[in-house]
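One structure is given here, and the rest of the page talks about it.
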Amino acid sequence: MNTIEERLWNYIDGTCTEEERRAIDLLIADDEGYRSKFEELLSLDREFASLEPDEPSMGFTYNVMEGIRAEHAQKPLKAAINKRIIRGIGGFFIVTILLLVILMLSTFHFTSASVSVHLPESLKLPDMKNFPSGLLLKGFFFFDAILALFLIDAYLHKKGVQSRFK
């Protein structure tokens, strides 16, 4: 686009300054080339203004929305979770717990009168003075109990179990 057309479009759109507007008015009045280009662009602008924007039919919009809805319905959230990863994590924790239980049972020595624990020399227990105080430990267990109740409630609501107290 050349500068003549740009200046005329700015004039038609009303985006030019007052000084430019007066200069273009003089050019349109004096110069035949400017006047013919102005008439051409003005008629084009009127045609653009008279056109109605195209809108898709209601059926098209409905079909597009149904296609999007069907696409999301084909991919449930459960399909996105890789079950091998969940099984691997579960297996790791089961093996860890089993090893800890075996270690615990191997340190007990049962006698007829009592049970005694003999730990190997290489296994050193941590110093109990560094553990949290009783109040902090009670707060932690209280938080765990509340969290457990919340999770049980969410599980029962998910299963659809109705409460007798409602």
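The values are calculated or read from the model by the stated rules, or taken from the named source; none is laboratory data. This one's a predicted model, so the numbers in the text were calculated from it and none came from an experiment. Glycine gets a Cβ as well: all are built from the backbone with ideal geometry, and neighbour counts include every protein chain shown.
Of these, Glu66, Glu47, Glu71, which one is surrounded by 10 or more Cβ atoms within 10 Å (Cβ to Cβ), at pLDDT below 90, part of a helix (DSSP H, G or I) and not hydrophobic (A, V, I, L, M, F, W, C)?
Details: Glu47 fails: surrounded by 10 or more Cβ atoms within 10 Å (Cβ to Cβ); Glu71 fails: surrounded by 10 or more Cβ atoms within 10 Å (Cβ to Cβ).
Among Glu66, Glu47, Glu71, only Glu66 is surrounded by 10 or more Cβ atoms within 10 Å (Cβ to Cβ), at pLDDT below 90, part of a helix (DSSP H, G or I) and not hydrophobic (A, V, I, L, M, F, W, C).
Suppose we keep only residues that are among the β-branched types (Val, Ile, Thr) and at pLDDT below 85 within the stretch 1-44. Which one would you say is surrounded by the fewest Cβ atoms within 10 Å (Cβ to Cβ)? Spell out the reasoning first.
First, the residues of the stretch 1-44 that are among the β-branched types (Val, Ile, Thr): 3-4, 12, 15, 17, 24, 28.
After this cut, where a residue has to be at pLDDT below 85 as well, the list is 3-4.
Values: Thr3: 7, Ile4: 16.
This residue is Thr3.
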Quiz item: Take the residues of the stretch 120-160 that are surrounded by 10 or more Cβ atoms within 10 Å (Cβ to Cβ) and modelled with pLDDT under 75: which is nearest to Phe108 (Cα to Cα)?
Solution: Phe131
Quiz item: Could you say whether any residue in the stretch 85-95 is of a type in the set (Val, Ile, Thr), exposed (fewer than 10 other Cβ atoms within 10 Å of the Cβ), more than 30 Å from Ile12 (Cα to Cα) and at pLDDT below 80?
Solution: no
Quiz item: Within the stretch 1-39, can you find the residues that are outside any helix (DSSP H, G or I) and among the hydroxyl-bearing types (Ser, Thr, Tyr)?
Solution: Thr15, Thr17
